[in-house]
Amino acid sequence: MSFGIRFCFSRDPSLHYIAHLDMLRLFERTVRRTGLPIAMTNGFNPRMKMIFGMPMSIGLSSESEYADIEMETFIESNVFQHKMNEHLPKGMKVEHAEINHDKENIMARIASAKYMIHFTALEKYTPEAMEVLLDKMLHAENVFVMKKGKKGLREIDIKPLIYSATVHPIHEYYWCLEVFISSGSEDNLRPDLLFDGWVSLIKKEFSIGDVRRTALFASVDNNWVSPIDPMIILPET
């Protein structure tokens, strides 16, 4: 019998060029250093029983990443959190952990995400003018982009995958676009693809900068809930 733990971790911008496979190896090495009794798969090449939800693209940082891990013997979630944080590298931290009673793995649970997309405009805009440009996307019937798939590039409509968006100034030419979009194993929308669709629609030369994921959500009974505790209903965004 194995015992599951679901945990949330963050990684700051200093680690945004770590690819997903490298992050998997990082966590495997960290777990080994902790000495925790992690469960392993059977077969000739046993692997740690660990699943990550919604891997990030290279170049992004995040406040909200989730993973499931299984132990051979029962471990208190706070003990797991403490031991992991003792050995994780600077810039990465387990923010929260709970005993996992969910029948679905975390990858299947994730349904939406929030991002902060920083960008630069080549000319000055008032907040009102920038909101008008954003409204063109929010009120558009379709927002088409070219997405690369297994069969090459194809045109898709991302409008149904955009739930909400706001924009606010940082200073002069520098802005932040906050978006709440579909995310997960199905109907996943990358923030850079949304940005490309918006820029193409309004025909402006905006340059994308730092992108940070601020939250991930699961969907239960038409409510957005915490992936780590489905009983916690989160406010609509």
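What follows is calculated from the coordinates using simple rules that are stated; it is not laboratory data. What you are looking at is a predicted structure, and each value in this text was computed from that prediction instead of being measured. Because the Cβ atoms are built from the backbone with ideal geometry, glycine has one as well, and the counts that use them run over all protein chains shown.
For region 80-168, the set of GluC sites (Glu not before Pro) satisfying both a DSSP loop assignment and a count of at most 16 other C-beta atoms within 10 Å is given as Glu104, Glu123, Glu141. Largest mean-square fluctuation among Asp196, Asp210, Asp22, in a Gaussian network model of the chain whose springs join Cα atoms under 10 Å apart, belongs to Asp22.
The residue list Tyr163, Gly197, His20 was ranked by how far each Cα lies along the charge dipole of the chain toward its positive end, using unit charges on Cβ atoms, and His20 comes out on top. Along its principal axes, region 169-226 has C-alpha extents of 41, 23, 16 angstrom, given from the largest down.
Rounded to the nearest 0.05, what FRET efficiency do Glu28 and Glu178 have when you use their Cβ-Cβ distance and R0 = 41 Å? Show your work: numbers first, answer last.
Working: r = 34 Å, r/R0 = 0.82.
FRET efficiency, Glu28 to Glu178: 0.75.
Where both bridge residues fall in the chain, DSSP classifies roughly 95% of the beta bridges as antiparallel.
Taking Lys and Arg as +1 and Asp and Glu as -1, the other residues whose beta-carbon sits under 13 Å from that of Leu153 total +3. On the beta carbon distance between His118 and Ile51, with R0 = 30 Å, the FRET formula returns roughly 0.50.
Relative to the longest principal axis of the Cα atoms of the chain, helix 127-138 runs at roughly 70 degrees.
Under a model in which nothing but the beta-carbon of Lys, Arg (+1) and Asp, Glu (-1) is charged, the chain shows a dipole of about 920 debye around its Cα centre. Rounded to the nearest 10 degrees, the angle from helix 77-87 to the longest Cα principal axis of the chain is 80 degrees.
Ignoring chymotrypsin sites (Phe, Trp or Tyr not before Pro) that are buried or in helix or strand per DSSP, and keeping those with at most 12 other beta carbon atoms within 10 Å, what is the longest stretch of the chain between them? Walk me through the numbers before you get to the answer.
Values: sites that count: Tyr17, Phe44, Phe74.
Looking at the chain, 75-237 is the longest stretch - no exposed chymotrypsin sites (Phe, Trp or Tyr not before Pro) with at most 12 other Cβ atoms within 10 Å.
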